[in-house]
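In what follows, a single structure is set out as structure tokens and then discussed.
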């Protein structure tokens, strides 16, 4: 194939990238991956490709994508990876190839400054501290000089800053073409650049929001493309479930009440009509959240409504939303802002009604005894007529709010439908797609019936660069003494490595207990939750002998090459929490459909999660490190073999002496 040959030539020794990029080294695995991607692009095919750490998959898909001339969407797992790809990797590859293709970076609207909401916020005394007021003035000053309005340009503004909803828009509160700032809208400008570009870099959230909108018939955010490259593709099924469902939350409705009053400033008589309904809505939200304090942090709709105070709270909230909706109906024509608030209140009342009313049965009046008993026994989910896979209605509490969601448990259908309708090439890639060498689990969840597949293992010399330590005499992870035994096991490992370790825990409780046990030791501790993630990682890199402690959410995105990270510890096999309502419902649906929940879902998901954690250890050809797997079930249970066989080819040991020797034995001269 011509594209495959051109891609190989560009990535080979003496090729364009080797000639133009410092420190670029041709890699056989990268060449094979690039050729497979090129073939998929040229034939408008579907490829599922696992590329182990160090393969160089980013260049392997950018080169054929740029050389193909196809309109290409590249989707990454996070906004941070999106920025890295667009601002660092893409310019280097494009310059090396000498292609003049246009590229664009496109994020969700919440990532762009909204001039209208900024203007509204200037008259609002909402600031809770002098620091917050100063931050707002920084945003105002930046708004006058920014070209793209990307909030990521604002250093030091936390992702959860209460200022962000005040200066960015959502689908619900955007005024669209009625906005007085429409001609200068950063979101509109970003979408126009994306429409005109040859290659657009997005993130999975934006990609899935677009697919969900298309499914509902509202049009599309992203331009139509001839090729899609989905990096970190293992994340897609879980994220897709949220986007093909429906939800609502406390904070957006608090913002609705405040926006109503903000819009009143320019409309005579509106405040008299809206002040009381807006106050009633805010009070209903606060009282409902207080009633929900008696609930577990996450649970099903059925469980929440079984508590009378919570059921009454939802009824009061429903009445408050409808009262505000009706009050807005009388003033909505006075301004575009009030009209938008009316639409938000109407949609909010509808979503709440659907969440409260659904789940009382399938609606066909023919639910059998067996099905009814299953529903009552699981307290989890509600079947969709004609499908063995139900939806689950659930809630989640946050420190100052709540969110309610309706989540489908099988998204393979809508994903398959969109992919087939696009008639585009689709490449799904990640370092962690296979389980025991097979793609079956992820292929099924993505709706891929018969994709081309490729596995390119990591090119690192695992036998020389790494050691897997399986400690002896640790108790079962469920036993009371496991935490203390774990710390006793880890101390000599940390002494041998002189810190320089990343400790991953299955729960926040275990994380906190380990942090307390290790405080006061010779190694500086960097604990998830005690500082922003980026700050923790930066300080850990610079410490030289630090110990970084994180939970499951830290499994991905920790990229620390070199001596600063020489040990990765995983306390338990990362099986998903059994009390998660969505996960619980999915397991029940699999069982009900005749499958085996452990074999078909729990085990493969845990294997992929473990591979993500292990992937933090060796990040370059010169890295050396020890992986410590502390769960004795790896050797005592039959399924342990599936985990171990899915990992890179480590040398394994059960002896602490081998760990000490590993750290005291330097690499042979000329290696690394």
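The values are calculated or read from the model by the stated rules, or taken from the named source; none is laboratory data. These numbers come from a predicted model, not from an experiment. Here the Cβ is made from the backbone with ideal geometry for all residues, glycine too, and neighbour counts use every protein chain on show.
The set of residues in region 480-520 being on the phi > 0 side of the Ramachandran plot and touching a residue at least 12 places away in the same chain (Cβ under 8 Å) consists of 498, 499, 500. Residues of region 531-559 that are surrounded by 20 or more Cβ atoms within 10 Å (Cβ to Cβ) and farther than 12 Å from residue 613 by Cβ: 536, 537, 540, 546, 547, 548, 549. Of all residues in region 18-28, none satisfies being in contact (Cβ under 8 Å) with a residue 40 or more places away in the chain, within 29 Å of the chain's Cα centre (by Cα) and either surrounded by fewer than 19 Cβ atoms within 10 Å (Cβ to Cβ) or outside the structural domain of residue 614 (by TED's automatic domain parsing) (or both).
Considered as a group, the residues in region 294-308 that are within 14 Å of residue 402 (Cβ to Cβ) and either free of Cβ contacts under 8 Å to residues at least 40 places away in the same chain or out of contact with any strand residue (DSSP E or B) (no Cβ under 9 Å at 6 or more places or on another chain) (or both) include one that is surrounded by the most Cβ atoms within 10 Å (Cβ to Cβ), and that residue is 305.
Exactly one residue out of 429, 398 is modelled with pLDDT of 90 or more, surrounded by 14 or more Cβ atoms within 10 Å (Cβ to Cβ) and in contact with a strand residue (DSSP E or B) (Cβ under 9 Å, 6 or more places away or on another chain): that is 429. Could you tell me which residue of region 392-438 is farthest from residue 199 (Cα to Cα), considering only residues that are under 20 Å from the mean Cα position of the chain (by Cα) and in a helix (DSSP H, G or I)? The qualifying residue farthest from residue 199 (Cα to Cα) is 412. The set of residues from region 517-535 being modelled with pLDDT of 90 or more and over 15 Å from residue 551 (Cβ atoms) comprises 517, 518, 519, 522, 523, 524.
Just one residue in the set 278, 290 is on the phi < 0 side of the Ramachandran plot and either outside any helix (DSSP H, G or I) or touching a helix residue (DSSP H, G or I) at 6+ places or on another chain (Cβ under 6 Å) (or both); that residue is 278.
Would a scan of region 646-662 turn up a residue that is part of a helix (DSSP H, G or I), touching a residue at least 40 places away in the same chain (Cβ under 8 Å), within 31 Å of the chain's Cα centre (by Cα) and under 28 Å from residue 445 (Cβ atoms)? Within region 646-662 (the criterion being part of a helix (DSSP H, G or I), touching a residue at least 40 places away in the same chain (Cβ under 8 Å), within 31 Å of the chain's Cα centre (by Cα) and under 28 Å from residue 445 (Cβ atoms)), the answer is no, since none of the residues qualifies. Evaluating residue 575 against the criteria (1) closer than 23 Å to residue 409 by Cα; (2) at pLDDT below 90; (3) outside any helix (DSSP H, G or I) leaves one unmet condition, (2).
Within region 567-582, the set of residues being crowded, with 22+ Cβ neighbours inside 10 Å and more than 21 Å from residue 489 (Cβ to Cβ) comprises 581, 582. What's the total number of residues in region 132-150 that are more than 22 Å from residue 263 (Cβ to Cβ) and within 30 Å of the chain's Cα centre (by Cα)? Here the count works out to 9.
Look at residue 41 and say whether it is touching a residue at least 60 places away in the same chain (Cβ under 8 Å), surrounded by 19 or more Cβ atoms within 10 Å (Cβ to Cβ) and part of a helix (DSSP H, G or I). The answer is yes for residue 41.
When you look at residue 209, is it assigned by TED's automatic domain parsing to the domain that holds residue 83, in a helix (DSSP H, G or I) and either surrounded by fewer than 20 Cβ atoms within 10 Å (Cβ to Cβ) or touching a residue at least 40 places away in the same chain (Cβ under 8 Å) (or both), yes or no? Spelling it out, residue 209 is indeed assigned by TED's automatic domain parsing to the domain that holds residue 83, in a helix (DSSP H, G or I) and either surrounded by fewer than 20 Cβ atoms within 10 Å (Cβ to Cβ) or touching a residue at least 40 places away in the same chain (Cβ under 8 Å) (or both). I'd like the full set of residues that are surrounded by 19 or more Cβ atoms within 10 Å (Cβ to Cβ) and at pLDDT below 90, limited to region 213-240. Those that are surrounded by 19 or more Cβ atoms within 10 Å (Cβ to Cβ) and at pLDDT below 90: 221, 222.
Of the conditions (1) surrounded by 15 or more Cβ atoms within 10 Å (Cβ to Cβ); (2) within 27 Å of the chain's Cα centre (by Cα); (3) in the same structural domain as residue 540 (by TED's automatic domain parsing); (4) outside any strand (DSSP E or B), residue 509 satisfies every one except a single condition; which number is it? So residue 509 meets the others, but not (1). Any residue that is surrounded by fewer than 19 Cβ atoms within 10 Å (Cβ to Cβ) and modelled with pLDDT under 90 - is there at least one of those in region 143-150? Scanning region 143-150 turns up no residue that is surrounded by fewer than 19 Cβ atoms within 10 Å (Cβ to Cβ) and modelled with pLDDT under 90. Does residue 81 count as in a helix (DSSP H, G or I), under 22 Å from residue 535 (Cβ atoms) and in the same structural domain as residue 228 (by TED's automatic domain parsing)? Against the criterion (in a helix (DSSP H, G or I), under 22 Å from residue 535 (Cβ atoms) and in the same structural domain as residue 228 (by TED's automatic domain parsing)), residue 81 qualifies. Assess whether residue 332 counts as being free of Cβ contacts under 8 Å to residues at least 12 places away in the same chain, farther than 25 Å from residue 403 by Cα and not assigned by TED's automatic domain parsing to the domain that holds residue 443. Answer is yes for this residue. Has region 55-78 got at least one residue that is more than 19 Å from residue 197 (Cβ to Cβ), touching a strand residue (DSSP E or B) at 6+ places or on another chain (Cβ under 6 Å), not in a helix (DSSP H, G or I) and not assigned by TED's automatic domain parsing to the domain that holds residue 612? Within region 55-78 (the criterion being more than 19 Å from residue 197 (Cβ to Cβ), touching a strand residue (DSSP E or B) at 6+ places or on another chain (Cβ under 6 Å), not in a helix (DSSP H, G or I) and not assigned by TED's automatic domain parsing to the domain that holds residue 612), the answer is yes, since at least one residue qualifies. Against the list (1) surrounded by 15 or more Cβ atoms within 10 Å (Cβ to Cβ); (2) at pLDDT 90 or above, the condition residue 417 fails is (1).
The condition of being buried (at least 19 other Cβ atoms within 10 Å of the Cβ), in the same structural domain as residue 211 (by TED's automatic domain parsing) and touching a strand residue (DSSP E or B) at 6+ places or on another chain (Cβ under 7 Å) does not hold for residue 466. Part of a helix (DSSP H, G or I) and farther than 20 Å from residue 462 by Cβ - does that describe any residue in region 627-637? Yes - at least one qualifying residue is present in region 627-637. The conditions of being surrounded by 15 or more Cβ atoms within 10 Å (Cβ to Cβ), without any contact (Cβ under 8 Å) to a residue 60 or more places away in the chain and closer than 25 Å to residue 482 by Cβ are not met by residue 625. The helices (runs of 4 or more DSSP H) located wholly in region 439-506 that include 2 or more residues which are over 25 Å from the mean Cα position of the chain (by Cα), within 23 Å of residue 645 (Cβ to Cβ) and at pLDDT below 95 occupy 462-465. One residue stands out in region 241-253 among those that are out of contact with any strand residue (DSSP E or B) (no Cβ under 8 Å at 6 or more places or on another chain) and touching a residue at least 60 places away in the same chain (Cβ under 8 Å): the one that is surrounded by the most Cβ atoms within 10 Å (Cβ to Cβ), namely 253. The helices (runs of 4 or more DSSP H) found entirely in region 98-183 that carry 1 or more residues being in contact with a helix residue (DSSP H, G or I) (Cβ under 8 Å, 6 or more places away or on another chain) and touching a residue at least 40 places away in the same chain (Cβ under 8 Å) are 115-121, 164-167.
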